[in-house]
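The values are calculated or read from the model by the stated rules, or taken from the named source; none is laboratory data. The model shown is predicted, which means the values in this text are computed figures rather than measured ones. Please note: Cβ atoms are built from the backbone with ideal geometry, for glycine as well, and neighbour counts cover all protein chains shown. SASA here: full protein model, heavy atoms, side chains in, ligands and nucleic acids out. Shrake-Rupley method; radii C 1.70, N 1.55, O 1.52, S 1.80 Å.
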Amino acid sequence: LKSTPRSFNIKPEQTEMVSDPESILADPNIDMVVEVMGGTHDLVKRVVLDSLKGGKKVVTANKALIAAYLEDIQSTTVQTPKARFG
């Protein structure tokens, strides 16, 4: 694969890696969660649904999660007007 140049820069001083999803869910300054864990295990389901319940936008390409929990995801986004899922 050929690397494609990007028109943005990530500033390390504005970026933080975390291993505790609770810190992401509880942080009101985080308004979008990109799910890259994969699978349908309890942790990925909880992070996605709790992010939506917290009014955060959620982006994922996890087809297994979407297939397994589409009804839960849809009902959560309906109940939480600020939530967005894509």
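Some values worked out for this structure:
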| item | result |
| --- | --- |
| Residues located in region 31-55, provided they are within 10 Å of the chain's Cα centre (by Cα) and outside any helix (DSSP H, G or I) | 31, 32, 33, 34, 35, 36, 37 |
| Close pairs (6 angstrom Cβ cut-off, 6 or more residues apart or separate chains): farther than 11 Å from residue 73 by Cα in region 35-58, basic (Lys, Arg) and in a loop (DSSP other than H, G, I, E, B) anywhere | 55/82 |
| Matching entry among 58, 78, 34 (being of a type outside the set (S, T, N, Q), modelled with pLDDT of 90 or more and surrounded by 14 or more Cβ atoms within 10 Å (Cβ to Cβ)) | 58 |
| All positions within region 1-57 that are among the basic types (Lys, Arg) and touching a Phe, Trp or Tyr at 6+ places or on another chain (Cβ under 9 Å) | 45, 57 |
| Residues that are open to solvent by 20 Å² or more (accessible area, probe 1.4 Å) and not polar (S, T, N, Q), drawn from region 61-75 | 61, 63, 64, 66, 67, 68, 69, 70, 71, 72 |
| Selection within region 19-29 - assigned to a loop (DSSP other than H, G, I, E, B) and either within 10 Å of the chain's Cα centre (by Cα) or in contact (Cβ under 8 Å) with a residue 60 or more places away in the chain (or both) | none |
| Count of region 68-83 residues which are within 15 Å of residue 32 (Cα to Cα) and either in contact with a Gly (Cβ under 9 Å, 6 or more places away or on another chain) or aliphatic (A, V, I, L, M) (or both) | 4 |
| Verdict on residue 46 being touching a Lys or Arg at 6+ places or on another chain (Cβ under 7 Å) and either open to solvent by 20 Å² or more (accessible area, probe 1.4 Å) or over 23 Å from residue 18 (Cβ atoms) (or both) | no |
| Filtered residues of region 53-67 (kept if hydrophobic (A, V, I, L, M, F, W, C) and over 11 Å from residue 32 (Cβ atoms)) | 61, 64, 65, 66, 67 |
